[in-house]
Structures are given as structure tokens and as C-alpha cells.
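Everything below concerns the one structure shown next.
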Amino acid sequence: YYGMLAEAEPEEEKETLDAQMIGNILTNIRNRVNSFEFAEVFEILEDVKKYRLPGELGELFAQLEDSMDDLEVEKVRELIENALKQIS
């Protein structure tokens with residue numbers, strides 16, 4: 001019972017992803033979306049939740065997940081393109 005509650009790490013103990021790592025993740029997601037490897041995209045999005053994301057990036061990944069849930073591939077590509085421009 002206790003184990004289940006303790007499983008989720010508090011935000012402050014999560015490792016923060018830096019811009020380069022986020023760029024790599026977004027590029028990876030884009031490549032997978034372009035190859036229609038949607039299962040892998042969902043896995044990546046789940047993995048990202050283990051980390052702390054700076055400000056609007058948390059929002060970005062939430063939008064990516066929503067768009068993937070609806071399989072709005074064009075929207076996912078657009079979100080990623082815009083985000084990569086901001087990061088670089």
C-alpha cells in the first residue's frame with residue numbers, strides 16, 4: 001500500500017532535462033511520427049514524465065500527448081518544429 005504512494009517522485013527530485021536533451025527527444029519524436037511508429041512516440045512521451053521540464057516545455061509535452069492521443073500528426077509536427085526553432 002505504501003509502495004504505491006511512494007512511487008511517484010516529487011518534482012524537486014526529478015532530474016531536469018536541458019535544452020539539448022529536449023531537442024534530441026523532439027527530433028526523435030518527429031522521426032518516429034514520420035515513420036508512423038506511434039507506439040514508440042507514446043513510450044517517449046511517458047519517459048519524459050520522469051523528468052522535470054522547464055516552464056512552457058511541460059505545456060508543450062502535454063499538447064504533444066493530447067495531439068498524439070487524437071492522432072493529429074500534422075499538429076504534432078507543427079508543435080515540434082516550433083519548439084525546435086525556439087530551442088536552437
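The values are calculated or read from the model by the stated rules, or taken from the named source; none is laboratory data. Please read all numbers here as calculations on a predicted model, not as lab measurements. No Cβ is skipped: glycine too gets one built from the backbone with ideal geometry, and neighbour counts run over all protein chains shown. Accessible surface is based on the protein model in full, side chains and every heavy atom, while ligands, DNA and RNA are left aside. Shrake-Rupley method; radii C 1.70, N 1.55, O 1.52, S 1.80 Å.
Where the accessible area of the chain is counted over protein heavy atoms with a 1.4 Å probe, how much of it, in %, is carbon and sulfur? The partial results should precede the final answer.
Numbers: 3010 of 6040 Å².
Of the solvent-accessible surface of the chain, carbon and sulfur hold 50 percent.
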Could you state the angle between the C-alpha long axis of helix 19-34 and the longest principal axis of the C-alpha atoms of the chain, as a value from 0 to 90 degrees rounded to the nearest 10? 60
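State the Kirkwood hydrodynamic radius of the chain in Å, one decimal place, computed from all pairs of distinct Cα atoms.
Numbers: mean 1/r = 0.0732 Å⁻¹.
After inverting the mean inverse Cα-Cα distance, the result is 13.7 Å.
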In Å², what does the accessible area per residue of the chain work out to with a 1.4 Å probe? 69
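So, by mean Cβ neighbours within 10 angstrom, what's the order for 18-24, 64-70 with the highest one leading?
Details: 18-24: 13.7, 64-70: 15.7.
Listed from highest to lowest mean packing, they are 64-70, 18-24.
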Between helix 73-87 and the chain: long-axis angle, C-alpha atoms, 0 to 90°, nearest 10: 80
Helix 55-69 against the longest principal axis of the chain: what's the angle in degrees, Cα atoms only, rounded to the nearest 10? 70
I'd like to know which of L17, F61, S35 lies farthest towards the positive end of the charge dipole of the chain, counting +1 on Cβ of Lys and Arg and -1 on Cβ of Asp and Glu. S35
